[in-house]
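Student: Quick one: this structure, given as C-alpha coordinates, is what I'll be asking you about.
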Amino acid sequence: MAGLLCGTKRKKQVSDLHEEGKNAINAPMLPTGTEIHPEDTLMEENAERIMLDPTSRENLKFKDLLKVLIDWINSELEEDRIIVKDLEEDCYDGQVLQKLFEKLSGRKLNVAEVTQSEIGQKQKLQTVLESVNEMLRPHGWTIEWSVDSIHSKNLVAIVYLLVALAMHFQAPIRLPEHVSAQVVVVKKREGILQTALVTKELTSTTEMMMGRFERDAFDTLLDHAPDKLNVVKTSLITFVNKHLNKLNLEVTELESQFADGVYLILLMGLLEDYFVPLFNFFLTPESFEQKVHNVAFAFELMQDGGLKKPKARPEDVVNLNLKSTLRVLYNLFTNYKNSE
(Lines give C-alpha, C1' and ligand atoms only; values in the text may rest on other atoms or scores of the structure.)
Protein backbone atom coordinates (compact mmCIF):
# COMPACT_ATOMS: atom_id res chain seq x y z
CA MET A 1 0.00 0.00 0.00
CA ALA A 2 2.82 2.39 0.92
CA GLY A 3 4.48 1.67 -2.41
CA LEU A 4 1.23 2.36 -4.26
CA LEU A 5 0.76 5.68 -2.45
CA CYS A 6 4.35 6.63 -3.14
CA GLY A 7 3.92 5.84 -6.84
CA THR A 8 0.72 7.87 -7.01
CA LYS A 9 2.45 10.79 -5.35
CA ARG A 10 5.34 10.65 -7.82
CA LYS A 11 2.90 10.59 -10.75
CA LYS A 12 1.14 13.67 -9.35
CA GLN A 13 4.47 15.46 -8.96
CA VAL A 14 5.39 14.63 -12.54
CA SER A 15 1.95 15.79 -13.72
CA ASP A 16 2.26 19.05 -11.76
CA LEU A 17 5.74 19.59 -13.12
CA HIS A 18 4.49 18.99 -16.67
CA GLU A 19 1.61 21.44 -16.15
CA GLU A 20 3.98 24.02 -14.68
CA GLY A 21 6.28 23.62 -17.65
CA LYS A 22 3.40 23.99 -20.09
CA ASN A 23 2.27 27.20 -18.41
CA ALA A 24 5.82 28.53 -18.44
CA ILE A 25 6.01 27.94 -22.20
CA ASN A 26 2.50 29.15 -22.97
CA ALA A 27 2.62 32.32 -20.87
CA PRO A 28 6.20 33.63 -20.94
CA MET A 29 5.09 37.29 -20.81
CA LEU A 30 2.70 36.92 -17.90
CA PRO A 31 3.27 39.64 -15.23
CA THR A 32 4.27 38.47 -11.78
CA GLY A 33 1.29 37.85 -9.51
CA THR A 34 -1.20 37.22 -12.31
CA GLU A 35 -2.78 33.80 -12.34
CA ILE A 36 -3.80 31.82 -15.42
CA HIS A 37 -6.79 29.78 -14.37
CA PRO A 38 -7.45 26.27 -15.71
CA GLU A 39 -10.33 27.54 -17.84
CA ASP A 40 -7.92 29.86 -19.63
CA THR A 41 -6.03 26.91 -21.08
CA LEU A 42 -9.35 25.65 -22.45
CA MET A 43 -9.92 28.78 -24.52
CA GLU A 44 -11.00 28.29 -28.09
CA GLU A 45 -8.57 29.08 -30.89
CA ASN A 46 -8.28 32.86 -31.52
CA ALA A 47 -10.26 33.56 -28.36
CA GLU A 48 -9.26 36.45 -26.11
CA ARG A 49 -9.63 37.05 -22.41
CA ILE A 50 -8.82 40.24 -20.46
CA MET A 51 -7.89 40.23 -16.78
CA LEU A 52 -7.11 43.10 -14.43
CA ASP A 53 -3.48 43.14 -13.32
CA PRO A 54 -3.32 42.74 -9.49
CA THR A 55 -1.12 45.83 -9.09
CA SER A 56 -3.82 48.01 -10.66
CA ARG A 57 -6.45 46.57 -8.35
CA GLU A 58 -4.46 47.90 -5.40
CA ASN A 59 -3.82 51.32 -6.97
CA LEU A 60 -5.25 54.04 -4.71
CA LYS A 61 -6.70 56.14 -7.55
CA PHE A 62 -8.37 53.05 -9.01
CA LYS A 63 -9.82 52.20 -5.59
CA ASP A 64 -11.06 55.78 -5.26
CA LEU A 65 -12.79 55.53 -8.64
CA LEU A 66 -14.54 52.30 -7.59
CA LYS A 67 -15.75 53.94 -4.37
CA VAL A 68 -17.10 57.00 -6.19
CA LEU A 69 -19.00 54.78 -8.65
CA ILE A 70 -20.39 52.54 -5.91
CA ASP A 71 -21.56 55.52 -3.83
CA TRP A 72 -23.16 57.05 -6.94
CA ILE A 73 -25.07 53.86 -7.82
CA ASN A 74 -26.29 53.46 -4.23
CA SER A 75 -27.46 57.07 -4.18
CA GLU A 76 -29.34 56.66 -7.47
CA LEU A 77 -30.96 53.37 -6.48
CA GLU A 78 -31.71 54.21 -2.87
CA GLU A 79 -35.46 54.23 -3.51
CA ASP A 80 -35.20 50.71 -4.97
CA ARG A 81 -33.44 49.57 -1.78
CA ILE A 82 -30.53 48.31 -3.82
CA ILE A 83 -27.13 48.39 -2.13
CA VAL A 84 -23.99 47.71 -4.17
CA LYS A 85 -20.86 46.68 -2.32
CA ASP A 86 -18.77 45.06 -5.04
CA LEU A 87 -19.01 46.06 -8.71
CA GLU A 88 -17.89 42.68 -10.03
CA GLU A 89 -20.28 40.63 -7.93
CA ASP A 90 -23.25 43.02 -8.02
CA CYS A 91 -23.24 44.18 -11.67
CA TYR A 92 -22.46 41.06 -13.68
CA ASP A 93 -26.02 39.65 -13.89
CA GLY A 94 -27.60 42.82 -15.31
CA GLN A 95 -30.05 43.52 -12.47
CA VAL A 96 -28.27 46.59 -11.07
CA LEU A 97 -27.36 47.88 -14.54
CA GLN A 98 -30.99 47.58 -15.61
CA LYS A 99 -32.27 49.57 -12.64
CA LEU A 100 -29.53 52.18 -13.02
CA PHE A 101 -30.19 52.72 -16.73
CA GLU A 102 -33.94 52.94 -16.16
CA LYS A 103 -33.46 55.52 -13.40
CA LEU A 104 -31.03 57.65 -15.44
CA SER A 105 -32.84 57.48 -18.78
CA GLY A 106 -36.44 57.41 -17.56
CA ARG A 107 -37.05 54.42 -19.85
CA LYS A 108 -38.57 51.11 -18.78
CA LEU A 109 -36.86 48.05 -20.26
CA ASN A 110 -38.82 44.95 -21.18
CA VAL A 111 -36.86 42.40 -19.16
CA ALA A 112 -37.59 39.82 -16.49
CA GLU A 113 -37.20 41.25 -12.99
CA VAL A 114 -35.33 38.27 -11.55
CA THR A 115 -33.17 35.89 -13.57
CA GLN A 116 -31.23 33.08 -11.92
CA SER A 117 -30.00 31.14 -14.93
CA GLU A 118 -26.91 32.14 -16.89
CA ILE A 119 -28.96 32.27 -20.10
CA GLY A 120 -31.54 34.54 -18.48
CA GLN A 121 -28.86 36.83 -17.07
CA LYS A 122 -27.16 37.17 -20.44
CA GLN A 123 -30.47 37.88 -22.14
CA LYS A 124 -31.14 40.67 -19.65
CA LEU A 125 -27.62 42.02 -20.14
CA GLN A 126 -28.12 41.92 -23.90
CA THR A 127 -31.25 44.04 -23.65
CA VAL A 128 -29.67 46.52 -21.23
CA LEU A 129 -26.45 46.93 -23.21
CA GLU A 130 -28.29 47.28 -26.52
CA SER A 131 -30.22 50.20 -25.04
CA VAL A 132 -27.07 51.73 -23.55
CA ASN A 133 -25.10 51.38 -26.78
CA GLU A 134 -27.95 52.76 -28.86
CA MET A 135 -27.95 55.84 -26.64
CA LEU A 136 -24.17 56.35 -26.44
CA ARG A 137 -22.92 55.50 -29.96
CA PRO A 138 -24.41 58.58 -31.70
CA HIS A 139 -22.39 60.72 -29.27
CA GLY A 140 -19.11 59.16 -30.34
CA TRP A 141 -18.58 56.75 -27.47
CA THR A 142 -16.25 53.80 -28.00
CA ILE A 143 -17.96 50.68 -26.67
CA GLU A 144 -15.45 49.01 -24.35
CA TRP A 145 -17.81 46.39 -22.94
CA SER A 146 -19.88 43.41 -24.06
CA VAL A 147 -22.34 40.92 -22.66
CA ASP A 148 -19.59 38.32 -22.18
CA SER A 149 -17.12 40.73 -20.56
CA ILE A 150 -19.70 42.07 -18.09
CA HIS A 151 -21.08 38.62 -17.27
CA SER A 152 -17.57 37.21 -16.75
CA LYS A 153 -17.07 39.93 -14.11
CA ASN A 154 -14.47 41.86 -16.08
CA LEU A 155 -14.02 44.80 -13.71
CA VAL A 156 -12.41 47.06 -16.32
CA ALA A 157 -15.35 46.60 -18.70
CA ILE A 158 -17.82 47.29 -15.88
CA VAL A 159 -15.95 50.47 -14.89
CA TYR A 160 -15.81 51.65 -18.51
CA LEU A 161 -19.58 51.23 -18.76
CA LEU A 162 -20.34 53.02 -15.48
CA VAL A 163 -17.97 55.91 -16.24
CA ALA A 164 -19.64 56.34 -19.64
CA LEU A 165 -23.10 56.45 -18.04
CA ALA A 166 -21.93 58.89 -15.36
CA MET A 167 -20.41 61.18 -17.98
CA HIS A 168 -23.33 60.98 -20.40
CA PHE A 169 -25.93 61.76 -17.75
CA GLN A 170 -23.70 64.35 -16.05
CA ALA A 171 -23.83 62.58 -12.72
CA PRO A 172 -23.44 64.88 -9.68
CA ILE A 173 -20.15 63.25 -8.75
CA ARG A 174 -16.50 64.09 -9.22
CA LEU A 175 -14.66 61.26 -10.96
CA PRO A 176 -10.94 61.01 -10.11
CA GLU A 177 -8.85 62.31 -12.99
CA HIS A 178 -6.34 60.34 -15.05
CA VAL A 179 -7.17 56.89 -13.67
CA SER A 180 -5.74 54.03 -15.69
CA ALA A 181 -5.47 50.29 -15.20
CA GLN A 182 -3.18 47.65 -16.58
CA VAL A 183 -4.85 44.56 -17.97
CA VAL A 184 -3.44 41.25 -19.05
CA VAL A 185 -4.70 40.31 -22.50
CA VAL A 186 -4.58 36.56 -23.05
CA LYS A 187 -5.01 35.24 -26.60
CA LYS A 188 -4.89 31.70 -27.93
CA ARG A 189 -3.03 31.30 -31.21
CA GLU A 190 -2.26 27.88 -32.68
CA GLY A 191 -2.90 26.26 -29.33
CA ILE A 192 -0.50 28.54 -27.44
CA LEU A 193 -1.51 31.20 -24.94
CA GLN A 194 -0.01 34.59 -25.72
CA THR A 195 -0.12 37.35 -23.14
CA ALA A 196 0.44 41.09 -23.24
CA LEU A 197 0.19 43.89 -20.68
CA VAL A 198 -1.99 46.79 -21.90
CA THR A 199 -2.76 50.10 -20.18
CA LYS A 200 -6.40 51.20 -20.30
CA GLU A 201 -7.28 54.85 -19.61
CA LEU A 202 -10.49 54.89 -17.58
CA THR A 203 -10.83 58.63 -16.89
CA SER A 204 -9.23 61.80 -18.24
CA THR A 205 -9.62 65.40 -17.04
CA THR A 206 -12.83 66.58 -15.43
CA GLU A 207 -13.64 68.99 -18.25
CA MET A 208 -13.13 66.32 -20.90
CA MET A 209 -15.18 63.78 -18.99
CA MET A 210 -18.12 66.07 -18.46
CA GLY A 211 -18.35 66.83 -22.17
CA ARG A 212 -17.04 70.35 -22.09
CA PHE A 213 -14.34 69.95 -24.71
CA GLU A 214 -16.27 72.30 -26.99
CA ARG A 215 -14.23 75.43 -26.44
CA ASP A 216 -16.08 78.66 -25.86
CA ALA A 217 -15.22 82.33 -25.36
CA PHE A 218 -14.04 81.77 -21.81
CA ASP A 219 -11.52 79.11 -22.87
CA THR A 220 -10.12 81.54 -25.44
CA LEU A 221 -10.17 84.38 -22.93
CA LEU A 222 -8.23 82.49 -20.27
CA ASP A 223 -5.76 80.94 -22.73
CA HIS A 224 -5.02 83.81 -25.07
CA ALA A 225 -6.23 87.04 -23.53
CA PRO A 226 -5.79 86.84 -19.76
CA ASP A 227 -5.28 90.61 -19.67
CA LYS A 228 -8.93 91.02 -20.73
CA LEU A 229 -10.14 88.66 -18.03
CA ASN A 230 -10.15 91.42 -15.41
CA VAL A 231 -12.34 93.56 -17.66
CA VAL A 232 -14.91 90.78 -17.89
CA LYS A 233 -14.75 90.08 -14.15
CA THR A 234 -15.20 93.78 -13.37
CA SER A 235 -18.27 93.95 -15.61
CA LEU A 236 -19.81 90.91 -13.93
CA ILE A 237 -19.03 92.20 -10.43
CA THR A 238 -20.68 95.53 -11.29
CA PHE A 239 -23.73 93.66 -12.57
CA VAL A 240 -24.21 91.39 -9.54
CA ASN A 241 -23.53 94.17 -7.01
CA LYS A 242 -26.13 96.39 -8.68
CA HIS A 243 -28.69 93.87 -7.44
CA LEU A 244 -27.07 92.41 -4.31
CA ASN A 245 -26.55 95.91 -2.89
CA LYS A 246 -30.34 96.00 -2.39
CA LEU A 247 -29.75 93.50 0.40
CA ASN A 248 -26.65 95.33 1.62
CA LEU A 249 -24.45 92.60 0.16
CA GLU A 250 -21.37 93.12 -1.97
CA VAL A 251 -19.14 90.87 -4.06
CA THR A 252 -15.44 91.47 -4.56
CA GLU A 253 -14.31 87.97 -5.61
CA LEU A 254 -16.32 85.96 -8.12
CA GLU A 255 -14.71 82.55 -7.52
CA SER A 256 -15.04 82.32 -3.75
CA GLN A 257 -18.15 84.34 -2.95
CA PHE A 258 -20.45 82.36 -5.24
CA ALA A 259 -19.00 78.96 -4.32
CA ASP A 260 -21.52 78.16 -1.57
CA GLY A 261 -24.53 79.02 -3.73
CA VAL A 262 -26.09 81.52 -1.28
CA TYR A 263 -25.42 84.64 -3.35
CA LEU A 264 -26.56 82.84 -6.51
CA ILE A 265 -29.91 82.00 -4.91
CA LEU A 266 -30.41 85.51 -3.51
CA LEU A 267 -29.41 87.00 -6.86
CA MET A 268 -31.98 84.92 -8.72
CA GLY A 269 -34.67 86.06 -6.28
CA LEU A 270 -33.72 89.68 -6.88
CA LEU A 271 -33.57 89.29 -10.67
CA GLU A 272 -36.96 87.55 -10.81
CA ASP A 273 -38.44 89.72 -8.05
CA TYR A 274 -39.46 87.07 -5.52
CA PHE A 275 -38.46 85.97 -2.02
CA VAL A 276 -36.78 82.59 -1.73
CA PRO A 277 -37.98 80.81 1.44
CA LEU A 278 -35.02 80.13 3.73
CA PHE A 279 -36.03 76.50 4.29
CA ASN A 280 -35.26 75.76 0.64
CA PHE A 281 -31.51 76.20 1.04
CA PHE A 282 -28.68 76.41 3.57
CA LEU A 283 -28.09 80.05 4.53
CA THR A 284 -24.77 79.19 6.18
CA PRO A 285 -23.65 75.95 4.46
CA GLU A 286 -20.79 74.10 6.10
CA SER A 287 -20.31 70.86 4.19
CA PHE A 288 -19.48 70.29 0.53
CA GLU A 289 -22.84 68.56 0.07
CA GLN A 290 -24.76 71.55 1.47
CA LYS A 291 -22.96 73.92 -0.89
CA VAL A 292 -23.67 71.64 -3.86
CA HIS A 293 -27.34 71.57 -2.82
CA ASN A 294 -27.43 75.37 -2.83
CA VAL A 295 -25.80 75.77 -6.25
CA ALA A 296 -28.01 73.03 -7.74
CA PHE A 297 -31.07 74.80 -6.31
CA ALA A 298 -29.89 78.08 -7.87
CA PHE A 299 -29.61 76.27 -11.21
CA GLU A 300 -33.22 75.09 -10.82
CA LEU A 301 -34.33 78.67 -10.21
CA MET A 302 -32.50 79.74 -13.37
CA GLN A 303 -34.30 77.11 -15.42
CA ASP A 304 -37.62 78.10 -13.83
CA GLY A 305 -36.86 81.62 -15.05
CA GLY A 306 -36.57 80.38 -18.62
CA LEU A 307 -32.78 80.12 -18.81
CA LYS A 308 -31.07 77.12 -20.34
CA LYS A 309 -29.55 74.54 -18.01
CA PRO A 310 -26.06 75.80 -17.06
CA LYS A 311 -23.20 73.95 -18.72
CA ALA A 312 -21.30 73.97 -15.45
CA ARG A 313 -21.88 71.39 -12.74
CA PRO A 314 -22.72 72.55 -9.21
CA GLU A 315 -19.61 70.70 -8.00
CA ASP A 316 -17.41 72.79 -10.31
CA VAL A 317 -18.72 76.06 -8.90
CA VAL A 318 -18.27 74.78 -5.34
CA ASN A 319 -14.71 73.72 -6.19
CA LEU A 320 -13.88 77.33 -7.22
CA ASN A 321 -13.61 76.56 -10.93
CA LEU A 322 -13.34 80.05 -12.39
CA LYS A 323 -14.53 79.22 -15.90
CA SER A 324 -17.63 77.45 -14.56
CA THR A 325 -18.52 80.39 -12.32
CA LEU A 326 -17.94 82.88 -15.15
CA ARG A 327 -20.18 80.88 -17.49
CA VAL A 328 -23.03 80.87 -14.95
CA LEU A 329 -22.75 84.59 -14.16
CA TYR A 330 -22.32 85.61 -17.79
CA ASN A 331 -25.51 83.72 -18.63
CA LEU A 332 -27.31 85.76 -15.98
CA PHE A 333 -25.70 88.98 -17.23
CA THR A 334 -26.82 88.28 -20.82
CA ASN A 335 -30.42 87.69 -19.77
CA TYR A 336 -30.82 90.30 -17.05
CA LYS A 337 -28.38 93.12 -17.90
CA ASN A 338 -31.26 95.54 -18.45
CA SER A 339 -33.08 94.60 -15.24
CA GLU A 340 -33.42 97.27 -12.58
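The values are calculated or read from the model by the stated rules, or taken from the named source; none is laboratory data. If you're wondering where the values come from, they're calculated on a predicted model, not measured in any experiment. Backbone-built Cβ (ideal geometry, glycine too); neighbour counts: all protein chains shown. Just the protein is used for accessible areas: all its heavy atoms, side chains included, with ligands, DNA and RNA removed. Shrake-Rupley method; radii C 1.70, N 1.55, O 1.52, S 1.80 Å.
Student: What fraction, in whole percent, of alpha-carbon pairs in region 47-211 exceed 28 Å separation?
Tutor: In whole percent, the long-distance tail amounts to 20.
Student: Ranked highest first by average number of other Cβ atoms within 10 Å, how do 299-306, 321-328 line up?
Tutor: In decreasing order of mean packing, 299-306, 321-328 become 321-328, 299-306.
Student: Using packing as a proxy for protection, rank 307-313, 84-90 so that the peptide with the highest average count of other Cβ atoms within 10 Å comes first.
Tutor: Packing order, densest peptide first, comes out as 307-313, 84-90.
Student: Keeping every protein chain present and rolling a 1.4 Å probe, give me the accessible area per residue for region 217-337 in Å².
Tutor: Here the per-residue accessible area is 52 Å².
Student: Oh, and also: Sort 265-271, 46-52 by the packing proxy (mean of other Cβ within 10 Å over each peptide's residues), most packed first.
Tutor: The most tightly packed comes first, giving 265-271, 46-52.
Student: Positive end of the charge dipole of region 274-314 (Lys, Arg +1 and Asp, Glu -1 on Cβ, about the Cα centre): tell me which of Phe288, Pro310, Tyr274 has its Cα farthest that way.
Tutor: Pro310
Student: Rounded to a whole number of µm²/s, how large is the Stokes-Einstein D of region 217-337 at 37 °C and 0.692 mPa s, given Rh as the Kirkwood radius over C-alpha pairs?
Tutor: D = 227 µm²/s.
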